[in-house]
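Here's the structure we're looking at; comments come further down.
Just so you know, all these numbers are worked out from the coordinates, no wet-lab data involved. Bear in mind the structure is a predicted one, so any value in this text is a computation, not a measurement. For neighbour counting, all protein chains shown are included, and Cβ atoms are generated from backbone atoms with ideal geometry for every residue, glycine included.
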Amino acid sequence: MDIRLLSVLVLAAAFVTPTPAQDASPQAYPPPGRMVDVGGRKLHLNCTGKGSPAVILVAGGGAFSIDWSLVQPRIAQTTRVCSFDRAGLGWSDPGPADETVEQTVADLHALLEAAGEKGPYVLGGASIGGVFIRAYQHAYPAQVAGLVFTNSANRVGFMAKGKGGLLWDLSEEDLRSGFPLPATPRGPKPTGEGEPFNRLPADLQAVRLWLDVRLWERSDAANATPDSLLSWRKEFRREFDEVGSGQERPLGDLPIVVLSSGPAATPADLAKRDAAGPMLDFLSSNSIHMTAAGSGHEIHLFQPDMVVQAVQRELVSIRGHVPVANR
């Protein structure tokens with residue numbers, strides 16, 4: 001994702017402060033899945049279909065499980081598939097460090113264990129969700145059968161006191177210097193779903209608007225912290241170091257599909273380190289790059305067919321023990 005992700009980050013991570021009002025708010029729209037206890041907190045998990053390996057869908061910044069609604073029913077025709085809301089988003093309770101890599105990975109592991117979902121899984125990550133699924137594979141390699149990236153976070157930036165740059169180039173001090181954030185109005189209350197979320201069915205647009213309003217009501221710049229940014233920076237740098245370590249393919253022959261609205265990366269692109277996306281094409285000797293030509297950032301909404309094709313290609317590879325490129 002381009003540096004514009006900053007605006008999403010501000011909403012999804014920095015400005016959202018857990019409040020008791022969230023838990024007390026009426027459930028105007030009940031969760032489509034089930035609420036699973038992960039140790040004093042409940043996270044929303046929506047699983048459909050049968051079969052293995054199960055596919056776990058991880059949304060982008062400030063996004064919700066229902067954003068996969070154009071994709072999940074079709075994947076469910078051939079295997080088990082789950083979407084979930086990270087802590088503090090959608091129907092899920094907030095946690096102590098929302099949107100940090102550490103909490104997100106621990107939450108997802110606890111969620112799948114508590115729900116009785118069986119691995120190893122195919123993890124699919126959209127936008128910043130790509131960072132989370134990479135970190136999950138790093139923490140629990142035996143629980144990951146394959147990875148599918150869809151326009152996963154590419155150029156993530158931050159502006160602090162007149163100094164801006166990519167997260168992995170900025171120092172921890174640079175990031176900390178941007179907080180506390182200046183007190184600014186949080187903007188008007190959401191009144192409708194625009195592009196690309198207006199591609200969802202009308203009934204789901206109403207649900208999403210309700211979730212957006214709840215998130216807007218909890219946004220508070222005064223209480224924002226740099227924790228999520230620092231966590232993302234650390235993970236990005238780890239991933240860059242892994243790919244640039246001299247090891248031919250750091251994830252061996254793990255099946256990987258990289259779905260992007262741009263072309264496959266070249267070694268020259270990787271060497272520049274001015275984007276995180278190119279490194280995804282160099283993770284495994286068993287991978288393929290698929291281009292969703294003309295798609296907007298949220299491929300699962302602009303071109304859901306392409307996401308379904310990417311997941312199906314992954315499943316065929318895993319089930320048939322064949323290279324992912326030889327579908």
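Side notes on the structure shown:
- Computed about its Cα centre, the charge dipole of the chain is approximately 380 debye, with only Lys, Arg, Asp and Glu carrying charge at their Cβ.
- Cα-based reach from Lys189 at 12 Å (exclusive), listing aspartates and glutamates while leaving out same-chain residues under 8 positions away: Asp212, Glu217
- Length-normalised contact order of the chain in % [C-alpha pairs under 8 Å, at least 6 apart]: 20 percent
- In plain terms, the residue of His321, His138 with the fewest other Cβ atoms within 10 Å comes first and the most crowded comes last, giving His321, His138.
- Bridges between two residues of the chain, per DSSP, are antiparallel at a rate of about 35%.
- Global form of the stretch 114-225, assessed from the alpha-carbon gyration tensor, a/c cut-off 1.5: oblate
- Cβ-defined net charge surrounding Ser295, 13 Å radius [Lys, Arg +1; Asp, Glu -1]: -2
- Rounded, prolate or oblate (a/c below 1.5 giving rounded, otherwise prolate when a/b exceeds b/c) for the stretch 237-327 by Cα gyration tensor: oblate
- Dipole-positive endmost among Ala63, Pro141, Gly116 within the chain (Cβ charges, Cα centre): Gly116
- Choice from Asp203, Asp37, Asp253 with maximal GNM fluctuation in the chain (Cα, 10 Å cutoff): Asp203
- Label of the coordinate-derived value, Cα extents along the principal axes in Å, listed as (i) 77, 45, 33; (ii) 73, 47, 45; (iii) 52, 44, 39: (iii)
- Taken about its Cα centre, the stretch 163-308 carries a charge dipole of about 360 debye when Lys and Arg each add +1 at the Cβ and Asp and Glu each add -1 at the Cβ.
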